[in-house]
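Heads up: the structure comes next, in C-alpha cells.
The values are calculated or read from the model by the stated rules, or taken from the named source; none is laboratory data. Treat the numbers as computed from the prediction; the structure is a model and nothing was measured. Neighbour counts run over all protein chains shown; Cβ positions are idealised from the backbone, glycine included. Ligands, DNA and RNA are excluded from the accessible area calculation, which covers all protein heavy atoms including side chains. Shrake-Rupley method; radii C 1.70, N 1.55, O 1.52, S 1.80 Å.
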Amino acid sequence: MDDVLKGRDSTWVFEADALRITPDPSKAPKLHSELGERLLPYAALADVTLTPGKRGTVVLRVLPRRGADPVATVAAGQLKESLDPNRLVLPAEKETLAEYYADEMRAAVTDGRPAERFLVAGPSAPRSFKAWDGAASFDGETVSFTWFWSGATTAKYSAGDQRYRVADLEGVEWHAPEAASGSMRLKVRGRQAVPDASKDPAAVVFGLGYGATHQSLPFAAAVLAAVPAFAPMLTGAPSPARDDTTDLILKLAELRDAGVLTEQEFQSKKAELLSRL
C-alpha cells in the first residue's frame with residue numbers, strides 16, 4: 001500500500017508498513033493539530049472499523065493495540081469521539097474506497113494482543129501548559145511544576161516548585177478536564193500518591209480554561225512515551241539499544257547545532273528514536 005485518502009479534516013497516506021496521518025491545520029480539532037503528523041505502524045494496530053457517520057458520511061477508524069500508542073494509553077478512553085485522532089470522516093460516496101483501504105489494513109494487522117512497548121512515537125518535547133494551580137513544563141528529561149499563588153493549595157505552595165526526572169517516574173495519569181475538573185498526576189517511583197490531586201505536589205489540577213485537552217494530553221503522552229527509554233538507567237545494567245539510541249541522538253544534536261536540522265525536526269526524530277526502545 002502507498003496511496004492517499006483525504007478526509008474532512010485530515011489526510012491518510014497508506015505506506016508500505018505504516019499509516020501516516022496528517023491533520024489539516026485549518027479544519028482539524030486543536031488536539032489533532034497539536035499532535036501533528038503521526039505515523040502508526042500497521043504492527044501497532046489491533047483492528048480497523050468502518051461505520052456510518054453523521055449527515056451523509058462514513059467514518060474509517062484504526063484501533064491501536066493496547067499499550068502501543070502513548071496518546072491512546074494516557075487518554076484511557078476519555079476522549080470524545082470527535083477528538084479521536086485515529087478516525088477519518090469521509091463523504092458516504094467514498095464508502096467503497098474506504099472499505100478497500102480498511103480491508104488492506106486489516107490484512108496487515110498481524111497481532112492484536114497488548115504491545116510490550118510503545119510502537120508509536122509520542123509527541124515531541126519540549127512542551128508546556130498552564131494548569132489551574134501551576135505551570136507545567138517538560139524538556140524531554142525533566143518535568144517541572146511551578147505553582148501559582150492564586151491557585152495552588154497550601155500543601156503545594158509549602159512544598160515548593162517541583163522537578164521530576166523521567167528516570168524517577170513509573171507513568172502518568174491524565175483525567176480529562178470536564179467542566180472545572182481534571183488533573184495530570186506523575187506516578188513517582190517509590191512514592192505513595194496523595195489521594196487529593198490538589199494537595200499532591202506530583203500533580204497539577206485543571207480548571208476552566210486551564211489544562212485544556214489539546215495542551216495537557218499531548219504533554220502527558222510525551223512524558224509517558226519517555227519513561228521506558230530511561231528505565232535501563234535504574235538498574236545500572238548496560239543497554240545496547242539505549243547506547244545506540246544515545247549515539248544517534250547525539251549525532252542529531254550535532255546536525256541541529258550545525259543548522260542542518262531545525263529544533264522541531266530534532267525533537268521529532270529524538271522522540272521517534274526513544275519510542276523504539
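How far, in nm, would the chain grow between E272 and R55 when pulled straight, counting 0.36 nm per residue and subtracting the alpha carbon separation? Show your work: numbers first, answer last.
Numbers: separation 217, 0.36 × 217 = 78.12 nm, distance 3.75 nm.
Contour length minus Cα-Cα distance gives 74.4 nm.
Please list, in order along the stretch 17-26, the HN-Hα scalar couplings obtained from phi with the Karplus expression 6.51 cos²θ - 1.76 cosθ + 1.60 (θ = phi - 60°), rounded to whole Hz, x for Gly and Pro.
Whole-Hz 3J(HN,Hα) from phi for the stretch 17-26: 10, 7, 9, 9, 10, 10, x, 8, x, 7.
Between S82 and S144, what's the calculated FRET efficiency when r is the beta-carbon distance and R0 is 25 Å? Round to 0.05.
0.20
With label points built 7 Å along Cα→Cβ from the Cα atoms of A135 and D257, find their separation and express it in nm.
2.8 nm
Positive end of the charge dipole of the chain (Lys, Arg +1 and Asp, Glu -1 on Cβ, about the Cα centre): tell me which of P177, G151, T245 has its Cα farthest that way.
Positive-most Cα among the choices belongs to G151.
Using modelled amide H (1.01 Å from N, peptide plane; none on Pro or chain starts), what sits under 5 Å from the amide H of K187, excluding residues fewer than 5 places away?
Here E170, G171, V172, E173 satisfy the definition.
Within the accessible area of the stretch 1-83, what % is carbon and sulfur when the probe is 1.4 Å and the other protein chains stay in place?
Numbers: 2090 of 4080 Å².
Here it works out to 51 percent.
From the phi of every residue in the stretch 202-219, what ³J(HN,Hα) in whole Hz does the Karplus formula 6.51 cos²θ - 1.76 cosθ + 1.60 yield, where θ is phi - 60° and glycine or proline is x?
Going residue by residue, I get 9, 9, 10, 10, 9, x, 4, x, 10, x, 3, 3, 5, 9, 6, 5, x, 4 Hz, with x marking Gly and Pro.
For the stretch 96-140, what is the accessible area per residue in Å², given a 1.4 Å probe and the full set of protein chains? Walk me through the intermediate numbers first.
Working: 2350 Å² over 45 residues.
About 52 Å² of surface per residue is accessible.
Which of the GluC sites (Glu not before Pro) across the stretch 170-226 are loop residues per DSSP, with 10 or fewer other Cβ within 10 Å? Let's see the in-between values first.
Values: sites: E170, E173, E178; in loops: E178.
Taking the stretch 170-226 and a limit of 10 other Cβ atoms within 10 Å, the loop GluC sites (Glu not before Pro) found are E178.
Can you pull out the trypsin sites (Lys or Arg not before Pro) in the stretch 106-179 whose DSSP state is coil and whose Cβ has at most 16 other Cβ atoms within 10 Å?
R117
Expected output is a single nm value to one decimal: the length gained when fully extending between R8 and R165, i.e. 0.36 nm times separation in residues minus the C-alpha distance. What is it?
So the extension gain works out to 52.5 nm.
Can you compute the helix-only [θ] at 222 nm over the chain? Use -39500 (n - 2.57) per DSSP H run of at least 4 residues, normalise by all residues, nearest 500 deg cm²/dmol. Write down the numbers at each step before the final one.
Working: 8 runs with 85 residues, N = 277.
Rounded to the nearest 500, it is -9000 deg cm²/dmol.
Can you give the charge dipole size of the stretch 26-136 about its Cα centre, rounded to the nearest 20 debye, using +1 on the beta carbon of Lys and Arg and -1 on the beta carbon of Asp and Glu?
Details: 16 positive and 14 negative charges, 74 e Å.
Here the size comes out at about 360 debye.
Once the piece of chain linking E95 and T246 is laid out straight, how much longer is it, given 0.36 nm per residue of separation minus the C-alpha distance between them? Please report the intermediate quantities before stating the final value.
Details: separation 151, 0.36 × 151 = 54.36 nm, distance 4.51 nm.
Answer, rounded to one decimal: 49.9 nm.
Ignoring ligands, DNA and RNA, what percent of the accessible area of the stretch 168-213 is carbon or sulfur (1.4 Å)?
Details: 1150 of 2250 Å².
Taking all protein chains in place, the stretch 168-213 shows 51 percent carbon and sulfur surface.
Gaussian network model of the chain, Cα springs within a sub-10 Å range: biggest mean-square fluctuation belongs to which of A108, A125, A44?
Among A108, A125, A44, the largest GNM mean-square fluctuation belongs to A108.
With the chain treated as a Gaussian network of Cα nodes joined by springs under 10 Å, which of L31, L261, L186 yields the largest mean-square fluctuation?
It is L261.
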